[in-house]
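**Student:** Sharing a structure, written as structure tokens. Questions coming.
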Amino acid sequence: MTKEKEMEVIEGLYSKYLGRASDKAGLEYWVKVYTDGAPLEQIENEFKICPERKIRDLYTSILKREPDVAGLHYWMGVLSAGTDYDVIKDEFMSCHEYKSMATH
């Protein structure tokens with residue numbers, strides 16, 4: 001597979017699971033992992049469980065919007081620091097924004 005095709009495959013994972021284009025460092029990292037022999041299925045699984053995807057899913061499913069950059073980074077940090085996903089989900093469901101949506 002050519003380098004361009006490998007990059008295209010990884011870009012597709014960014015689009016599918018994160019809803020965005022790759023950043024340069026991330027693209028280079030995952031292309032290297034792929035060319036070093038990691039199966040595409042394994043890489044795809046990493047995208048499925050990554051903190052960014054989990055937090056994006058909370059925003060879209062609970063708050064019905066895309067995350068703002070600051071909020072995304074904040075909650076990714078909280079999750080990466082070891083806070084349980086369900087605790088973060090509870091925080092989303094008890095926030096003012098969600099409560100105001102529920103009353104309208």
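**Student:** What are the ³J(HN,Hα) couplings of segment 57-62, residue after residue, when phi is run through the Karplus curve with 6.51, -1.76, 1.60 and θ = phi - 60°? Round to Hz, x for glycine and proline.
**Tutor:** Computed from phi, the couplings for segment 57-62 are 4, 5, 4, 6, 7, 9 Hz.
**Student:** Counting other C-beta atoms within 10 Å, which of Met7, Met1, Met76, Met101 has the fewest, and how do the rest follow?
**Tutor:** Fewest-to-most Cβ neighbours within 10 Å comes out as Met1, Met101, Met7, Met76.
**Student:** Give the Debye-formula value of log10 I(q)/I(0) at each listed q (0.18, 0.20, 0.23 Å⁻¹), with one equal scatterer per alpha carbon of segment 3-49, two decimals each.
**Tutor:** Taking Cα atoms of segment 3-49 as identical point scatterers yields -0.45, -0.56, -0.75.
**Student:** Quick check on segment 51-102: what does the Kirkwood estimate of hydrodynamic radius come out to from the alpha carbon pairs, in Å?
**Tutor:** 10.9
**Student:** For the chain, what does the helix formula give at 222 nm: sum of -39500 (n - 2.57) over DSSP H segments with n ≥ 4, over the residue count, nearest 500 deg cm²/dmol?
**Tutor:** For the chain, the value works out to -20000 deg cm²/dmol.
**Student:** Next question. With each pseudo-label sitting 7 Å past Cα toward Cβ, what's the Glu11-Leu40 distance in nm, one decimal?
**Tutor:** With each label placed 7 Å out from Cα toward Cβ, I get 1.5 nm.
**Student:** With θ taken as phi - 60° and the coefficients 6.51, -1.76 and 1.60, list the Karplus ³J(HN,Hα) couplings across segment 22-38 in order, rounded to whole Hz; mark glycine and proline as x.
**Tutor:** 6, 8, 4, 5, x, 4, 4, 4, 5, 5, 5, 4, 5, 6, 7, x, 5
**Student:** Provide the gained length on full extension for the span Thr83 to Ser61, in nm with one decimal, where the gain is 0.36 nm per separating residue minus the Cα-Cα distance.
**Tutor:** Value of the extension gain: 6.0 nm.
**Student:** Next question, about the same structure. Return the sequence-ordered ³J(HN,Hα) values of segment 41-47 in whole Hz as given by the Karplus equation 6.51 cos²θ - 1.76 cosθ + 1.60 applied to θ = phi - 60°, using x for Gly and Pro.
**Tutor:** Result, rounded to whole Hz: 4, 5, 5, 4, 4, 5, 5.
**Student:** Another question, if that's okay. So what's the convex hull volume per residue for the Cα atoms of the chain, in Å³?
**Tutor:** In the chain, the Cα hull volume divided by residue count equals 107 Å³.
Throughout, read-outs are computed from the coordinates displayed, never taken from laboratory work. Because the structure is predicted, anything quoted here is derived from the model rather than measured. No Cβ is skipped: glycine too gets one built from the backbone with ideal geometry, and neighbour counts run over all protein chains shown.
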